[in-house]
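Quick notes on the structure that follows.
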Amino acid sequence: MKTLQIGRESIGFVERGHPWIRPDRWTRGLDRLRAGEVVRLIDERGAAIATALADPAAPVC
């Protein structure tokens, strides 16, 4: 499974149960994903946060 690194703000959204994240300056790897692809969200240390569906063309994913 591919990974998508997300920043602290996005991690906070996920931990509060929000279904979307907004790519920010800490987001790494979104450009190599396809819409609908299952990815593992990770923090800057590589720790798993959640599993998600990617949508690289959307303003939120």
Per the list (1) at pLDDT below 90; (2) over 9 Å from the mean Cα position of the chain (by Cα), residue check on A35 breaks on (1)
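Give me the strands (runs of 3 or more DSSP E) completely within the chain, filtered to those with at least 1 residues that are without any contact (Cβ under 8 Å) to a residue 24 or more places away in the chain and out of contact with any Ser or Thr (no Cβ under 9 Å at 6 or more places or on another chain), ordered by residue number.
Values: elements: 2-5, 38-42, 48-53.
Filter on the chain gives 48-53.
The values are calculated or read from the model by the stated rules, or taken from the named source; none is laboratory data. Just so it is clear, the model here is predicted, and its values are computed rather than measured. Neighbour counts run over all protein chains shown; Cβ positions are idealised from the backbone, glycine included.
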